[in-house]
Amino acid sequence: MSTIPETFLFRYNVPISKLTALPTELSAEQLDSSYSIPLFQRYRIEPEAFRSRFTSGHRLSTAEAPPERPDDKEEKKKVLFDFRTGWHEDGLVITSVLSGKSLPLRCDAGNMEYSDGIHFCLDTRDVRDVHRGTRFCHRFFFMPCVSGSRVREPAGFWLPIHRAKALPNPVDISRFTLASRVTDSGYLLSVILPGNALTGYEPDEHKRLGLHFAVSDTELGLFSLQHSTLFPVEEDPSLWTSIELV
């Protein structure tokens, strides 16, 4: 039996559709399913392992699917995760849809390593032969709400990439537009990333970008675009998937 994961046998190139314009008013479900990006693999990490994501090189245990919760044994509730992306010369829009939860969201701005949300990485040059972040590599964390806050609004954070050779220009996260809707079984979250806030975002000249995303949920586990967090995906842009702006 080969020890090489199946996702390493292919180099994926996902086409991303163009938007007619960046929305002036953002909704929680901004993009429809025609903008969906396929998940090439699904991984599960145990809740107690979330803390080590930021501190131990992402060496986490995985399994094929999250274990059933007691209340699911009869009802067999379906877990749904859908990630959507659209592009424009002025920036990117992402929408994340998650359902299948039975517990409240855990979103702690002071404890992101053990919070529910979306990890999003972008390389505006899609350099495939480097294993450390460059100044064109960006890493963000978005959460649908902030636990304990009176106003349940979404929040976004820029995060440094471990071992990066260089950092992008300072990112003013307040320029990002976020909208979310928390439901009984999950949430919908949309974000506008303005192009002039992303170092090297020049879609007229560079039509291919590097992309990685993962949704971490303290109840359901981890949904990752391509590779398991057994590998240092968030710090190695050569492991990110290529997207083509069409």
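The values are calculated or read from the model by the stated rules, or taken from the named source; none is laboratory data. Keep in mind that this is a model prediction, so the values were computed, not measured. When we count neighbours, we look across all protein chains shown, and the Cβ atoms used for this are built from the backbone with ideal geometry, even at glycine. Surface accessibility is based on the protein's heavy atoms, side chains included, excluding ligands, DNA and RNA. Shrake-Rupley method; radii C 1.70, N 1.55, O 1.52, S 1.80 Å.
Between residues in region 187-210 that are within 20 Å of Trp240 (Cα to Cα) and residues that are open to solvent by 60 Å² or more (accessible area, probe 1.4 Å) and of a type in the set (S, T, N, Q), which pairs lie under 6 Å by C-beta distance while being six or more apart or on different chains?
Correct list of pairs: Thr199/Asn169.
Does region 134-141 contain at least one residue that is among the polar types (S, T, N, Q), modelled with pLDDT of 95 or more and on the phi < 0 side of the Ramachandran plot? Let's see the steps before the verdict.
From region 134-141, those among the polar types (S, T, N, Q) are 134; that's our starting set.
Those still in the list that are modelled with pLDDT of 95 or more too: 134.
Now narrow it down to the ones that are on the phi < 0 side of the Ramachandran plot: 134.
The answer is yes, given that some residue of region 134-141 is among the polar types (S, T, N, Q), modelled with pLDDT of 95 or more and on the phi < 0 side of the Ramachandran plot.
Based on what the data block shows, is Thr95 in a loop (DSSP other than H, G, I, E, B) and either open to solvent by 30 Å² or more (accessible area, probe 1.4 Å) or modelled with pLDDT of 85 or more (or both)? Write out each step before concluding.
On the way: in a loop (DSSP other than H, G, I, E, B): no; either open to solvent by 30 Å² or more (accessible area, probe 1.4 Å) or modelled with pLDDT of 85 or more (or both): yes.
Against the criterion (in a loop (DSSP other than H, G, I, E, B) and either open to solvent by 30 Å² or more (accessible area, probe 1.4 Å) or modelled with pLDDT of 85 or more (or both)), Thr95 does not qualify.
Kindly establish whether Leu26 is surrounded by 13 or more Cβ atoms within 10 Å (Cβ to Cβ), over 18 Å from the mean Cα position of the chain (by Cα) and at pLDDT 90 or above.
yes
When you go through Val171, Val233 one by one, which is the residue that is without any contact (Cβ under 8 Å) to a residue 40 or more places away in the chain and either over 29 Å from Leu105 (Cβ atoms) or among the aliphatic types (A, V, I, L, M) (or both)?
Matching residue, one of Val171, Val233: Val171.
For region 115-131, enumerate the residues that are more than 10 Å from Leu209 (Cβ to Cβ), in contact with a Gly (Cβ under 8 Å, 6 or more places away or on another chain) and either small (Gly, Ala, Ser) or at pLDDT 95 or above (or both).
If the condition is that a residue be more than 10 Å from Leu209 (Cβ to Cβ), in contact with a Gly (Cβ under 8 Å, 6 or more places away or on another chain) and either small (Gly, Ala, Ser) or at pLDDT 95 or above (or both), then Cys121 is the only one that fits.
Are there any pairs, at least 6 apart or on different chains, whose C-beta atoms fall under 9 Å, with the first in region 99-120 and in contact (Cβ under 8 Å) with a residue 40 or more places away in the chain and among the basic types (Lys, Arg) and the second surrounded by 15 or more Cβ atoms within 10 Å (Cβ to Cβ) and outside any loop (DSSP other than H, G, I, E, B), and if so, which?
Lys101/Gly186; Lys101/Tyr187; Lys101/Asp217; Arg106/Tyr114; Arg106/Asp217
Would you check if Thr55 is in a loop (DSSP other than H, G, I, E, B) and modelled with pLDDT under 90?
Judged against the criteria, Thr55 is a match.
So which strands (runs of 3 or more DSSP E) stay within region 135-246 end to end and still have 1 or more residues that are farther than 22 Å from Ala21 by Cα and hydrophobic (A, V, I, L, M, F, W, C)?
Once the strands (runs of 3 or more DSSP E) in region 135-246 are filtered for at least 1 residues that are farther than 22 Å from Ala21 by Cα and hydrophobic (A, V, I, L, M, F, W, C), what remains is 137-143, 155-158, 177-182, 208-217, 221-224.
Yes/no matrix, rows are residues, columns are (1) exposed (fewer than 15 other Cβ atoms within 10 Å of the Cβ); (2) of a type outside the set (Phe, Trp, Tyr); (3) closer than 22 Å to Asp32 by Cα; (4) out of contact with any Leu (no Cβ under 9 Å at 6 or more places or on another chain):
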| position | (1), (2), (3), (4) |
| --- | --- |
| Ser149 | yes, yes, no, yes |
| Pro154 | no, yes, yes, no |
| Ile161 | no, yes, no, no |
| Pro170 | yes, yes, no, yes |
| Asp184 | yes, yes, yes, yes |
| Leu188 | no, yes, yes, no |
| Ile192 | no, yes, yes, no |
| Asp204 | yes, yes, no, yes |
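Output the number of residues of region 113-127 satisfying the condition of being out of contact with any helix residue (DSSP H, G or I) (no Cβ under 6 Å at 6 or more places or on another chain) and open to solvent by 10 Å² or more (accessible area, probe 1.4 Å).
Total meeting the criteria: 3.
Here's the yes/no breakdown for (1) closer than 19 Å to Asn13 by Cβ; (2) buried (at least 21 other Cβ atoms within 10 Å of the Cβ); (3) within 15 Å of the chain's Cα centre (by Cα):
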position	(1), (2), (3)
Gly195	no, no, no
Thr199	no, no, no
Arg208	yes, no, no
Asp217	no, yes, yes
Val233	yes, yes, yes
Trp240	yes, yes, yes
